[in-house]
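Let me begin by presenting the structure, written as structure tokens, before commenting on it.
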There are 2 protein chains.
Amino acid sequence: MKRIKMGHGAGGEMMHELIDSHIAPFLPAFPADVPLRSFDDSAVVDGIVFTTDSHTVKPIIFPGGDIGSLAVCGTVNDISVMGATPIAMASALVLEEGLEIEILERIMQSMGEYSKRTRVPIVTGDTKVVEKGAADEIIITTSAIGRRSAHLDHDLKVAKKYRKVASKWMTDDNLRPGDSIIVSGTLGDHGIAILSFREGYGFETEVKSDIAPLNELVEGILEVGGAVSMKDPTRGGLANTLNEWASKSKVGIEVEETKIPISAPVRNACELLGLDPLSIGNEGKLVVGVVPQMAEEVLDAIRGFDIGKRAEIVGKVSKDAGKVVLRTEVGGRRILEPPVGDPVPRIC
Amino acid sequence: MKRIKMGHGAGGEMMHELIDSHIAPFLPAFPADVPLRSFDDSAVVDGIVFTTDSHTVKPIIFPGGDIGSLAVCGTVNDISVMGATPIAMASALVLEEGLEIEILERIMQSMGEYSKRTRVPIVTGDTKVVEKGAADEIIITTSAIGRRSAHLDHDLKVAKKYRKVASKWMTDDNLRPGDSIIVSGTLGDHGIAILSFREGYGFETEVKSDIAPLNELVEGILEVGGAVSMKDPTRGGLANTLNEWASKSKVGIEVEETKIPISAPVRNACELLGLDPLSIGNEGKLVVGVVPQMAEEVLDAIRGFDIGKRAEIVGKVSKDAGKVVLRTEVGGRRILEPPVGDPVPRIC
């Protein structure tokens, strides 16, 4: 008898197999601008961008954030990376009997702060309570709707000066050989902060979660123009993001290990724990595919934002369909596989 | 130290107090056609109707349905009762490690069937896995978006022949003295089916959940016209629905006990268990407020649907602001209070 394993929720190959074989086949297909089967960050239906995420992070309060800030930013970001402007959020709470109301209030305050900061209102919600032991303290499911960004047409027009662009949104299938890949900042902070804090390793004194909303950064990039695809490298990290792109765009991607920004404490923690920072989830980072002629300008724009100061052009798109290659520090080349399970579970 | 209790998730007074005191105050208010603070079945933002619900029903498979059919119908219904047509759904799954994949597939099949039947596509989703013991088997959070029904303007135009109508949607604040109240069928089936099956009382051989999508029924009513408010009496049952209406519309409501449709097995079960069928949740029933001149026509239209055959006009709206009165079989009058906690927890 096949049963659900932790790795099925990790955002990697096991999860994709679960969805492809045991979930999606039962759901009837309907036409949509960006349908379920494209498994993009959000769907687009009738001009409305729509997304949902359940948050089961453990512990619910951690260095750099809590489940409330995570729930707001995660959902705002999934709308934004489609090239859209989030206009409203919904929040569904599942509370465990016995949860301190003071902790609930702290989390609601955090949701409120990020709602204000991103200017995305929480317009509807739901509250369920389950018996002690039937859920871990609190599970928050946030959904959001958005509209096409006012700057997206400009962005695509700039890109089209240099090459044909198929998709009208920043979808995963939109990369073409020659495109540049930009990462907006250091990778691995969120996953390492949670893991270290939860297990008591001590790295959390130096490493905090990178939780941040990406909506302003995305608008800033679209105003410059030339971006063709965007993703936020959450579960499965950059390794998963690049492999999803390579598979859906039917291209290869080559990245330079030395260019990928990783902070020294995260690098040290990963070495000690035997983890690959490229497979670890982030919650305030953006990966952008951009036509090469605009790469430097987009990089400059990203660096103009506080959360983008350590942005780098990390690689480029090749013709080698489906293959993601990492050029290592010492000049070698290795295939960067998508993670199978999850090195750090329950981080979002 | 104040802590979350089971009653906080029951849809009654305790839940309203929790939301009013410990959740809503932290969430910044933004303008919307129907905002968070109206606590209606759905919000309306920029013409888009938007709703969310987490489903934590126990057990996940029960007489008449399962958590999948519940999740689809519950969310479709929350959009529909605003006078809207649902156009897409999102589904976020939290799976407990160890869940049999066969059971997951059965639930997905059920979601797929109801998605097909209601013609509302599931366009986006999320999958998380938590350790054994960190959630009960499966939690499904469904969200949905909808558009104003093509028949809503006609409906309101008919109502306006007879009186002024303030809201442009079927909101809770839209009743006025004199309006008729219609219930679309027997009450209490869902809650009693779940409770009886879970506790092994045996009534479930006769009582099945009434889970059903209300979208076609709602469109049918709007085509006739004259409806001014609609609600689906889920958690807290009819007692909660009528009290929410009375409070938000600043009116009284008088209902006739003998008119309220309740099946004999549900009545028997409630008597034996000491439960009030009017406080028990339903998942396929509609309560409609309608201008009195159109009440009979709307009733006929409802009875034309399979799920509406046992519909009745159960009462009318009075001037006695905030007060819900039940005229009993023997001619007495008693206040029908909103339930405080929940006689039957974890039914949705």
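Side notes on the structure shown:
- The helices (runs of 4 or more DSSP H) falling completely within the range B:190-288 that include 3 or more residues that are in contact with a strand residue (DSSP E or B) (Cβ under 8 Å, 6 or more places away or on another chain) map to B:215-224, B:237-249.
- Comparison of B:Glu223, B:Glu199, B:Glu206 shows that the only residue that is closer than 22 Å to B:Val49 by Cβ and among the acidic types (Asp, Glu) is B:Glu223.
- Boolean, B:Ile79 is in a helix (DSSP H, G or I), open to solvent by less than 30 Å² (accessible area, probe 1.4 Å) and touching a residue at least 12 places away in the same chain (Cβ under 8 Å): yes
- Residue list for the range B:178-204, filter: open to solvent by 10 Å² or more (accessible area, probe 1.4 Å) and touching a residue at least 40 places away in the same chain (Cβ under 8 Å): B:Gly178, B:Ser180, B:Thr186, B:Asp189, B:Leu195, B:Phe197, B:Arg198, B:Tyr201, B:Phe203, B:Glu204
- Search result, residues across the range A:94-126 that are more than 7 Å from chain B (Cβ to nearest Cβ), open to solvent by less than 10 Å² (accessible area, probe 1.4 Å) and outside any helix (DSSP H, G or I): A:Val120
- Exclusive hit being in a loop (DSSP other than H, G, I, E, B), more than 24 Å from A:Asp40 (Cβ to Cβ) and either more than 9 Å from chain A (Cβ to nearest Cβ) or in contact with a Lys or Arg (Cβ under 7 Å, 6 or more places away or on another chain) (or both), set B:Lys157, B:Lys168: B:Lys168
- Residue in the range A:323-336 that is farthest from A:Met15 (Cα to Cα), counting only those that are in contact with a helix residue (DSSP H, G or I) (Cβ under 7 Å, 6 or more places away or on another chain) and at pLDDT 95 or above: A:Arg327
- For the range B:250-272, residues that are open to solvent by 10 Å² or more (accessible area, probe 1.4 Å) and under 22 Å from B:Leu156 (Cβ atoms) total 1.
- Residues within the range A:28-55 that are at the interface with chain B (Cβ under 8 Å from one of its Cβ atoms), outside any strand (DSSP E or B) and without any contact (Cβ under 8 Å) to a residue 24 or more places away in the chain, tallied: 7
- Qualifying residues in the range A:31-76 (those that are of a type in the set (S, T, N, Q) and touching a strand residue (DSSP E or B) at 6+ places or on another chain (Cβ under 9 Å)) - the one surrounded by the fewest Cβ atoms within 10 Å (Cβ to Cβ): A:Thr52
- Residues of the range B:273-301 satisfying the condition of being aliphatic (A, V, I, L, M) and either open to solvent by 50 Å² or more (accessible area, probe 1.4 Å) or more than 18 Å from the chain's Cα centre (by Cα) (or both): B:Leu273, B:Leu275, B:Val291, B:Met294, B:Ala295, B:Val298, B:Leu299, B:Ala301
- Of the criteria (1) among the aliphatic types (A, V, I, L, M); (2) free of Cβ contacts under 8 Å to residues at least 24 places away in the same chain; (3) within 14 Å of another protein chain (Cβ to nearest Cβ), which one B:Ile140 fails: (2)
- Criterion: within 25 Å of B:Val44 (Cβ to Cβ), aliphatic (A, V, I, L, M) and surrounded by fewer than 24 Cβ atoms within 10 Å (Cβ to Cβ) - qualifying residue of B:Ala144, B:Ala246, B:Ala227, B:Ala150: B:Ala150
- Any chance A:Val34 is out of contact with any helix residue (DSSP H, G or I) (no Cβ under 9 Å at 6 or more places or on another chain) and closer than 20 Å to A:Leu242 by Cα: yes
- Taking the listed residues A:His8, A:His22, the one that is crowded, with 24+ Cβ neighbours inside 10 Å, outside any loop (DSSP other than H, G, I, E, B), without any contact (Cβ under 8 Å) to a residue 60 or more places away in the chain and at the interface with chain B (Cβ under 7 Å from one of its Cβ atoms) is A:His8, with no other qualifying.
The values are calculated or read from the model by the stated rules, or taken from the named source; none is laboratory data. Nothing here was measured: the structure is a model prediction, and the numbers come from that model. Methodologically, a virtual Cβ is constructed for each residue, glycine included, from the backbone with ideal geometry; neighbour enumeration extends over all protein chains shown. What goes into the accessible areas is simple: the full protein's heavy atoms, side chains included, and nothing from ligands, DNA or RNA. Shrake-Rupley method; radii C 1.70, N 1.55, O 1.52, S 1.80 Å.
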